[in-house]
Number of protein chains: 2
Amino acid sequence: MTAEIISIGTELLLGHIVNTNTSFLSQKLAEIGVDVYHTSVVGDNPMRLTQAIKQAVHRSDVVITTGGLGPTVDDITIETIAALVGKRLILNKTVLKDLKDYFKMRKTAFPRNNVRQAMIPEDTKWIRNRAGTAPGLIADYRGKIIVCLPGPPREIEPMFVNDIMPLLIKRSAPNWIIKSRTIKIASGLESLVNNKVKDLLNLKPPTTVGIYAKLGQVELKIMSKAKTGKEAARAIALIEQKIRSRLKDHIFGCDHETLEGAVAGLLIAKKKTIAAAESCTGGLLSSRLTDVSGSSKYFIMGLIAYSNEVKKNILCVDSEILKKYGAVSAQVASQMAVGIKLLAGADIGVGITGIAGPTGGTRTKPVGLVYIALAIGSKLIARELKFRGSREEIKFQSSQVALDLIRLNV
Amino acid sequence: MTAEIISIGTELLLGHIVNTNTSFLSQKLAEIGVDVYHTSVVGDNPMRLTQAIKQAVHRSDVVITTGGLGPTVDDITIETIAALVGKRLILNKTVLKDLKDYFKMRKTAFPRNNVRQAMIPEDTKWIRNRAGTAPGLIADYRGKIIVCLPGPPREIEPMFVNDIMPLLIKRSAPNWIIKSRTIKIASGLESLVNNKVKDLLNLKPPTTVGIYAKLGQVELKIMSKAKTGKEAARAIALIEQKIRSRLKDHIFGCDHETLEGAVAGLLIAKKKTIAAAESCTGGLLSSRLTDVSGSSKYFIMGLIAYSNEVKKNILCVDSEILKKYGAVSAQVASQMAVGIKLLAGADIGVGITGIAGPTGGTRTKPVGLVYIALAIGSKLIARELKFRGSREEIKFQSSQVALDLIRLNV
């Protein structure tokens, strides 16, 4: 079974809102084995909406529209669908009562405009909206299904999950199930990962691997289509094993796992405590280390040492070293790591210094130059990095490399 | 002039990522008076992509694609466009040199895969990518323009603004202009704002006002359509004046201004320095204060004092106070503010302590309870807040209130 999503609303075409409904619906459809090859957006225009639905019905089994079910004259979905399928609009008394109850519960007079939302095409199934006013619709048309959902995400989500998904599962009788697994690598280099798994990226269905580059992170998504969930899981496990054997400890986690979560898990398991001294990241590393609930178990303190005075007076960075190598140097990063480790009495100290830009760069020390050091037991590790991007992007990539360095050395 | 946006990528159809590029491009196109009637998404499939582009070229003057320009075999945009417009792909030496320089700067071997990104259709204009590897393309086809942009937002945005918008403005000569202005208020005062501007929210085109509630922030968006930019700007200025006279210093900025930017501007203008002592926000306030370029002018230091020991030993929080009121109290927040102010020798000290959750709450001190204190000169201001949401949401709202408190008192 294939489905197509048409989002309706001029506010989407003007870019006033981001289309999160389409990604939500796409995810849910993939989960129940319904393929989506096209999604689109049209404005509040009956002619263009009719054309879009006709085209969608032609090439897909199910057409799902979102939006345009409100009480205003801009909301044209129901009229358009009724005209397309050739049905009269009839006032539905149950829907009208629902609407009146909705406003009564809110102690608000019933706005006359909202009567429009009770006009349902003759002989057409409607769906109660438990989170708003506009009911949904399920219309049969030339052997295909047209589903109309409201626009607000909080209304769409329960309606789709409770009322539409069971129907689609029943109608599609999918003889296969899709499962997926995302393998995550912290590092900005898509091409390096790409080279290691190149052959796997060419796999043909039912099991495929895709590569996705994000800021400071690469993800490999394994998808498998099979008759049973067990079979799909087995096919995924096989590929995952291959990927793991090639990328080894470059991989920090899977699916919804985060890098900070992986680091937290290791610190807790190994009963290690940590403290961070940050300059160019300005507290972002500490903030990410404390994004994990229960972080007080391992995080002792963070210090954002922006000025040389703070570096010297609180972290005991050597004035001579500061003068000789400059604040942005491997030497200073290392002394910051050792300094915060001692000050906090932690097992691990992290020091970060660099130039986040956009100003402050020089020819020898350009924007994006960052030094990260780790003092762990008696070991001292330092790295030189060169990042590109905005100030926030350089900060984020620095925190990403620092977290990965902790993960690999704790 | 009409434009149509086609986003390319199976990851979009699977709902793995939200399509923010389309909203960005739609907004920018509206600003220069280019109408968008359709946007769509297709997967990494040459046949469906070809069909989508053909249809778009048929009904729109400009077709903008995003994505599918990466170095992997999944990336099919260039080959598809070249086949469609009937041009050979030729290795472009300038692009190849750009690519090699990109990797050289990162001290990384040039991955052979990336040679693909230097293959440009014959006689076709390409656009340098200043934030990544894939160049953009501008192809003429049957009197229409096809523009190919990369997928990552950080690459698309500068390329579109610097290279594509000027070209479209030159070619389009629009007969009306849309302008907009967003007025920003920090804090969750949606209903207060709503009450103060209720009448403006009912304005009819050509000038309208919308209200958008975000986490810890409310935005009022004024939009105006007019024959000239000047006329639209005048209509907007009139409404803005009304809004400002009603909301006064609740407003922290406009359009792309951020709360941290507003705070930074005030601190620099008033030559004040600041230091932060954070507990539950874990460095997020410091990170936001240092997200602004030039923050070393006002930001002296931050301390993330998670444990009571750090609060006592470094911030000189009184043991008796800690015992009597607990770490999450107005008293401790105030002592943290004073402590960091003295330690840093700053003009302003901020102290934050609270329970970010999801665990750690009690009946008297539930998750979401946060105390924020400001020590400024000899003044001491403390606030008790009760937030709802996830750990990250509570951290963000706390940092938002702290920034706004600084803004109103510096």
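Can you give the charge dipole size of chain A about its Cα centre, rounded to the nearest 20 debye, using +1 on the beta carbon of Lys and Arg and -1 on the beta carbon of Asp and Glu?
Values: 57 positive and 36 negative charges, 135 e Å.
Dipole magnitude for chain A comes out near 640 debye.
Given H placed on each backbone N at 1.01 Å, which residues far from residue B:361 in sequence or on other chains put an amide H within less than 5 Å of it?
B:367
Tabulate in residue order the Karplus-calculated ³J(HN,Hα) for the stretch A:128-145, using 6.51 cos²θ - 1.76 cosθ + 1.60 with θ = phi - 60°, rounded to whole Hz; enter x for Gly and Pro.
4, 9, 7, 10, x, 9, 6, x, x, 9, 10, 10, 8, 8, 6, x, 10, 10
Among rounded, prolate and oblate, which fits the stretch A:1-92 when a ≥ b ≥ c are the square roots of the eigenvalues of its C-alpha gyration tensor, a/c under 1.5 means rounded, and a/b larger than b/c means prolate? Let's see the in-between values first.
Values: a/c = 1.81, a/b = 1.26, b/c = 1.44.
Because a/c hits 1.5 or more and a/b fails to exceed b/c, the stretch A:1-92 counts as oblate.
Would you list B:115, A:263 from the most to the least accessible area, probe 1.4 Å?
B:115, A:263
Got a sec? What order do B:256, B:16 fall in by accessible area at 1.4 Å, biggest, i.e. largest, first?
Ranking B:256, B:16 by accessible area, largest first, yields B:256, B:16.
Given contacts defined as C-alpha pairs under 8 Å and at least six residues apart, what's the relative contact order of the stretch A:250-333, whole-number percent?
Relative CO of the stretch A:250-333 lands at 24 percent.
Restricting to the protein assembly as shown, what percent of DSSP beta bridges are antiparallel, rounded to 5?
Values: 105 of 159 bridges.
That works out to approximately 65 percent antiparallel.
On a 21 Å Cα-Cα criterion, which of the cross-link pairs A:214/B:97; A:54/A:227; B:28/B:170; A:221/A:242; A:248/B:104; A:214/B:144 come out too long?
Cα-Cα > 21 Å for A:214/B:97; A:54/A:227; A:248/B:104; A:214/B:144; rest within.
Indicate the gyration tensor shape class of the stretch B:256-410 (rounded, prolate or oblate), computed on the Cα atoms with a ≥ b ≥ c the square roots of the eigenvalues: a/c under 1.5 is rounded; otherwise a/b larger than b/c is prolate and the rest oblate.
Oblate shape, in that a/c is at least 1.5 and b/c is the bigger or equal ratio.
Residue A:126: accessible area at probe 1.4 Å, nearest 10 Å²?
60 Å²
Can you give the mean number of other chain Cβ atoms that lie within 10 Å of the Cβ atoms in peptide B:106-115?
4
Share of antiparallel DSSP beta bridges in chain B, in percent to the nearest 5?
Bridges in chain B are about 65 percent antiparallel.
List the residues, sorted by chain then number, that are 5 or more residues from residue A:276 or on another chain and whose placed amide H is less than 5 Å from its amide H.
For residue A:276, the qualifying residues are A:301, A:302, A:303, A:350.
Can you run phi through the Karplus equation (6.51, -1.76, 1.60; θ = phi - 60°) for the stretch B:374-379 and list ³J(HN,Hα) in whole Hz, with x for Gly and Pro?
So the J values, rounded to whole Hz, are 10, 9, 9, x, 9, 7.
In the stretch A:168-306, what percentage of the DSSP-assigned beta bridges are antiparallel, given to the nearest 5?
Working: 21 of 26 bridges.
Of all bridge pairs located within the stretch A:168-306, approximately 80 percent are antiparallel.
By average Cβ neighbour count within 10 Å, what is the ranking of A:292-298, A:106-112, A:401-407 from highest down?
On the way: A:292-298: 17.6, A:106-112: 9.1, A:401-407: 23.1.
So the order, starting with the most tightly packed, is A:401-407, A:292-298, A:106-112.
Using a cut-off of 18 Å between alpha-carbon atoms, which aspartates and glutamates can reach residue A:379, once sequence neighbours fewer than 8 places away in the same chain are excluded?
The qualifying aspartates and glutamates are A:347, A:404.
From the residues A:229, A:202, A:216, which one has its Cα farthest along the dipole of the stretch A:183-236 in the positive direction, the dipole being from +1 and -1 charges on Cβ of Lys/Arg and Asp/Glu about the Cα centre?
A:229
Considering the dipole of the protein assembly as shown built from charges on the beta carbon (Lys and Arg +1, Asp and Glu -1) around the Cα centre, which of B:344, A:34, A:353 is farthest to its positive end?
The one lying farthest along the dipole's positive direction is B:344.
Using each residue's phi in the stretch A:8-17, evaluate 6.51 cos²θ - 1.76 cosθ + 1.60 at θ = phi - 60° and report the 3J(HN,Hα) Karplus result to the nearest Hz, with x for Gly and Pro.
Values, residue by residue: 10, x, 4, 4, 6, 5, 8, x, 6, 10 Hz.
Tell me, what is the per residue accessible area of chain B in Å², probe radius 1.4 Å?
43 Å²
Sort the following peptides by mean Cβ neighbour count (other Cβ atoms within 10 Å, averaged over residues), highest first: B:146-155, B:332-341, A:311-320.
B:332-341, B:146-155, A:311-320
Top mean-square fluctuation among B:222, B:32, B:268, Gaussian network model of chain B, C-alpha springs under 10 Å?
B:268
With each label point set 7 Å from Cα along the Cα-Cβ vector, what nm distance links residue A:364 and residue A:161?
Modelled inter-label distance: 5.9 nm.
How well do other chains shield peptide A:271-280, expressed as the mean number of their Cβ atoms within 10 Å of each residue Cβ?
Going residue by residue through A:271-280 and averaging, the value is 2.
Per DSSP helix of 4 or more residues, -39500 (n - 2.57); summed, then divided by the residues of chain A. What does that give at 222 nm, rounded to the nearest 500?
On the way: 16 runs with 161 residues, N = 410.
Roughly -11500 deg cm²/dmol at 222 nm, from the helical runs in chain A.
What dipole magnitude, in Debye to the nearest 20, does the stretch A:285-410 give about its Cα centre under +1 on Lys/Arg Cβ and -1 on Asp/Glu Cβ?
Values: 16 positive and 9 negative charges, 51 e Å.
Around 240 debye, computed over the stretch A:285-410.
How do B:53-61, A:356-364, A:302-310 rank on mean C-beta neighbours within 10 Å, highest first?
Result, highest mean Cβ count within 10 Å first: A:302-310, B:53-61, A:356-364.
Can you give the extra length, in nm with one decimal, that the chain gains between residue A:378 and residue A:104 once fully stretched, where that is 0.36 nm per residue apart less the Cα-Cα distance?
Numbers: separation 274, 0.36 × 274 = 98.64 nm, distance 6.98 nm.
Here the segment from residue A:378 to residue A:104 would lengthen by 91.7 nm.
For B:387-399, what's the mean count of beta carbons from other chains sitting within 10 Å of each residue's beta carbon?
Other-chain Cβ atoms within 10 Å of each residue's Cβ, averaged: 1.
Taking the Cα centre of the protein assembly as shown as origin and charging only Cβ (+1 Lys, Arg; -1 Asp, Glu), how large is the dipole, in debye to the nearest 20?
For this selection, approximately 360 debye.
The values are calculated or read from the model by the stated rules, or taken from the named source; none is laboratory data. Small disclaimer: the values here were computed from a predicted structure and weren't measured. As a convention, Cβ positions derive from the backbone with ideal geometry for all residues, glycine included, and neighbour counts pool all protein chains shown. Note: areas computed on protein heavy atoms with side chains; ligands, DNA, RNA excluded. Shrake-Rupley method; radii C 1.70, N 1.55, O 1.52, S 1.80 Å.
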